[in-house]
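This report refers to the structure that appears directly beneath it.
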C-alpha cells in the first residue's frame with residue numbers, strides 16, 4: 001500500500017477477492033459506479049469534492065472489510081497536494097464586505113418590511129373585504145323572545 005497507485009489497486013484487489021462486481025458494490029454502498037471506478041483507478045479528476053470522496057471511501061472500505069483510515073488519509077493528502085498545486089476544481093469566491101453604512105441597510109430592511117405589510121393590506125382591502133356583505137344587505141338573524149311573566153302556583 002505504499003505506492004501512489006497502491007491504494008486504488010488495493011481496493012480493486014479486495015473487491016475482486018470478495019467476489020463483488022462494481023455494480024454489486026454500488027448496490028450495497030449506494031456510491032455511484034463512476035466514483036467507485038475512479039477510486040480504483042485513482043482518477044482524482046472524476047471524483048467529487050473531498051468531503052464526499054472521503055465518505056465514499058469510508059463506505060467502500062466498510063463493504064470490503066478494510067480499515068478506512070489509511071485510504072481516507074491518502075485521499076485527503078492527494079486533495080491537499082492538488083489544492084497546493086492550484087489544480088482544485090472548486091472556485092473560491094471572496095465576498096467583499098459591504099461599504100454601505102449601517103443605517104442604510106437598516107432603512108432598506110425596514111422599508112422592505114413596510115412594503116410587504118402595505119402590499120398585504122392592499123390585497124386584503126381589495127380582494128377579501130369586498131367579498132363581505134354590506135350592512136344594508138345583512139339580515140338580522142336574531143330571535144326576539146318575549147319576556148314571560150313569572151308563573152306562580154296558586155297555593156301561595
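The values are calculated or read from the model by the stated rules, or taken from the named source; none is laboratory data. What you see is a predicted model, and the numbers here were worked out from it, not measured in a lab.
Check residue 66 against each of (1) part of a loop (DSSP other than H, G, I, E, B); (2) within 27 Å of the chain's Cα centre (by Cα); (3) modelled with pLDDT of 85 or more and name the one condition it does not meet.
(2)
Is one or more of the residues making up the stretch 70-86 modelled with pLDDT under 85 and part of a loop (DSSP other than H, G, I, E, B)?
Yes, that holds for at least one residue.
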